[in-house]
Amino acid sequence: MALFFTFSISVCAQPARRRAEQTQQQTRRQTNRAGGATYREFPAAQAMPADADWRRDVYRELDLMKDENAPLYYPIVPQNGRTSLFTYLFKLVLRGQVKAYRYNMQGTEDFSASNTERPLDILGRFEVPYDTAGGRMRINDVDIPSEEVTSYFVKESTYYDQHTATFHSRVVALCPVLHRGDDFGGSAKRPMFWVKYEEAAPYLGKLMILYSNLNNAAQMSADDYFTQNLYKGDIYMATNLQDRLLVSKDDEFLESDSSLQAQRNVIERQLNDFEQHVWRGDSVQQAAGAEQSIASAETNVTATDSTAVQQEQTTVRTSRRQANARRSGNSRRQRSSAQPPKQRRQRSSGGGSGYSVRRQRH
């Protein structure tokens, strides 16, 4: 009897456990089905070593109105399970899942604990309406100023990892920039706060964005978007000894927009030159390429030599023909000069002397 009771309990409990496992699997499949991509609980980029042999830090401004950066801006209001980067990031800050750090006057990031921002301070400073009910704060999606956040400040570190002999460019920090009209009819640029990318990366791996206008089923995570450096932004500041900004007009360092662009080009060329210096290619492949170049050069020399020989032979033949033609012309002239001149016969008119005709008798 005891055996039967134990068996009946195990039989009744088995389907419930199976149902729980099936529910978990179904939930996991629903979580991982967006766009055929898999959500990750870890960032795609590897951490930058603290003892990197070479590193260059630059600050870029991403204009979300450009096609390369548009996937971060749309949709302005969440719809069909899709949301913009700022809406997603702003909610993470309000929930306390990601820390926000104050934007200082120097424009650099400060990730110290004393520089963290409270969500209520951010809401008050940027005049974002919210409701409080039951001790909890609630914000409607339409009240989040996603439409006014049309650019980002991005700190980017390009470095060489000597441990793995690899060259990388990774995002270190993000700062949404609010473009809001002022009292004078213009538009004021107001940086909101810095976010440490390393803290936001696990969550950005779950944010799926569209990156193709032709294929609306093509999606990728926001973390992959930043890790693969698919964004496009102009350098406005670089870490240097003087902590100087690259500013355009009315600046004591760069006097015009052309000087600004020239300085940007210098920094971009320095980064590209160092990368090309690192990736010199395989030595075996280089040796094979060198041998191929030498062989092609020898072939070209041989072809050039044979062409020169043919040209020389053609020139000799032409000279011989011209010489023969000259000799034959001279000989003809000599023969013609050796013959006596022919006497011209004159015909007389009337009774004068004319042709003499001798009649023969037959």
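Brief remarks follow.
- HIS168 accessible area, assembled protein chains, probe 1.4 Å, Å²: 50
- Cα gyration tensor category, rounded, prolate or oblate, for the range 83-155 with a/c compared to 1.5: oblate
- Shape call, the range 58-114: gyration tensor on alpha carbons, a/c limit 1.5: oblate
- Heavy-atom surface of the range 86-185, accessible at 1.4 Å and reported per residue (Å²): 51
- For the range 66-189, the gyration tensor built on C-alpha atoms gives a prolate shape. Its axis ratio a/c (a ≥ b ≥ c) is at least 1.5, and a/b is the larger of a/b and b/c.
The values are calculated or read from the model by the stated rules, or taken from the named source; none is laboratory data. None of these values were measured; they are calculated from a predicted model. What goes into the accessible areas is simple: the full protein's heavy atoms, side chains included, and nothing from ligands, DNA or RNA. Shrake-Rupley method; radii C 1.70, N 1.55, O 1.52, S 1.80 Å.
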